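K.L.:
Got a structure for you, questions after.
The values are calculated or read from the model by the stated rules, or taken from the named source; none is laboratory data. Small disclaimer: the values here were computed from a predicted structure and weren't measured. Here Cβ is always computed from backbone atoms with ideal geometry, including for glycine, and neighbour counts include all displayed protein chains. Areas reflect the complete protein model, heavy atoms only, side chains present, ligands, DNA and RNA absent. Shrake-Rupley method; radii C 1.70, N 1.55, O 1.52, S 1.80 Å.
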Amino acid sequence: VQLQASGGGLVQAGESLRLSCGGSGGTFSSLVMGWFRQAPGKEREFVAAISRSAVNTYYAESVKGRFTISRDSAKNTVYLQMNSLKPEDTAVYYCAAQIRGNYYYTPSRYNYWGQGTLVTVSS
């Protein structure tokens with residue numbers, strides 16, 4: 001499975017961005033999909049995840065109510081809509097795919113990772 005993340009950029013606080021992650025080489029609908037981020041000098045942290053059926057979504061407390069994860073299996077793509085962005089959201093954002101299990105929050109349980117896309121939020 002290959003993942004390609006895109007959509008990052010430089011925005012001001014309060015603005016929005018939508019990240020996309022396109023997948024190829026596997027059965028996309030059979031994968032749990034997640035977004036993680038890593039800020040300079042910090043560990044990679046969970047942002048959001050979505051179940052295989054897209055029925056269930058999961059969010060970090062820090063983004064709940066501002067970010068929305070969704071998926072379009074027909075397009076093999078998962079999205080992260082980010083609204084009301086804050087400077088502390090500045091990070092490289094990674095999408096990831098999990099083959100087995102439902103370990104939504106744990107980076108080590110994800111099998112495939114995209115290359116990351118940089119989001120910078122200025123104040």
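K.L.:
Which of the numbered conditions does LEU3 fail, given that it passes all the others? Conditions: (1) out of contact with any Phe, Trp or Tyr (no Cβ under 8 Å at 6 or more places or on another chain); (2) farther than 12 Å from VAL119 by Cα; (3) open to solvent by less than 30 Å² (accessible area, probe 1.4 Å); (4) of a type in the set (A, V, I, L, M, F, W, C).
P.N.:
(1) is the only condition that LEU3 fails.
K.L.:
Ok, one more. Among the residues of segment 15-56 satisfying the criterion of being exposed (fewer than 15 other Cβ atoms within 10 Å of the Cβ) and hydrophobic (A, V, I, L, M, F, W, C), which is farthest from VAL121 (Cα to Cα)?
P.N.:
VAL55
K.L.:
List pairs: first in segment 29-44 and touching a residue at least 40 places away in the same chain (Cβ under 8 Å), second part of a loop (DSSP other than H, G, I, E, B) and hydrophobic (A, V, I, L, M, F, W, C), Cβ under 7 Å, 6+ apart or cross-chain?
P.N.:
LEU31/ILE99
K.L.:
Does segment 80-94 hold any residues that are part of a strand (DSSP E or B) and not aliphatic (A, V, I, L, M), and which are they?
P.N.:
GLN81, TYR93, TYR94, listed by residue number.
K.L.:
Here is a check on your reading of the model: is SER123 among the small types (Gly, Ala, Ser) and open to solvent by less than 40 Å² (accessible area, probe 1.4 Å)?
P.N.:
no
K.L.:
Of the residues that sit in segment 58-79 and are among the hydrophobic types (A, V, I, L, M, F, W, C) and more than 19 Å from ASN102 (Cα to Cα), which one is most open to solvent (accessible area, probe 1.4 Å)?
P.N.:
By that ranking, first place goes to ALA74.
K.L.:
Output the number of residues of segment 104-120 satisfying the condition of being open to solvent by 40 Å² or more (accessible area, probe 1.4 Å), outside any loop (DSSP other than H, G, I, E, B), touching a residue at least 24 places away in the same chain (Cβ under 8 Å) and of a type outside the set (A, V, I, L, M).
P.N.:
Adding up the residues that qualify gives 4.
Yes/no matrix, rows are residues, columns are (1) in contact (Cβ under 8 Å) with a residue 40 or more places away in the chain; (2) under 30 Å from ALA13 (Cβ atoms); (3) not in a loop (DSSP other than H, G, I, E, B):
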{"site": "ALA49", "(1), (2), (3)": "yes, yes, yes"}
{"site": "SER53", "(1), (2), (3)": "no, no, no"}
{"site": "TYR58", "(1), (2), (3)": "yes, yes, yes"}
{"site": "VAL63", "(1), (2), (3)": "no, yes, no"}
{"site": "ILE69", "(1), (2), (3)": "no, yes, yes"}
{"site": "VAL78", "(1), (2), (3)": "yes, yes, yes"}
{"site": "ALA96", "(1), (2), (3)": "yes, yes, yes"}
{"site": "ASN102", "(1), (2), (3)": "yes, no, no"}
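K.L.:
Residue by residue through segment 24-50, note down the ones that are of a type outside the set (A, V, I, L, M, F, W, C) and more than 13 Å from the chain's Cα centre (by Cα).
P.N.:
Scanning segment 24-50 gives SER24, GLY25, GLY26, THR27, SER29, SER30, PRO40, GLY41, LYS42, GLU43.
K.L.:
Let me ask another. Search segment 83-103 for residues being small (Gly, Ala, Ser) and farther than 14 Å from PHE46 by Cα, and hand back the single one that is most open to solvent (accessible area, probe 1.4 Å).
P.N.:
Only one residue tops the list, namely SER84.
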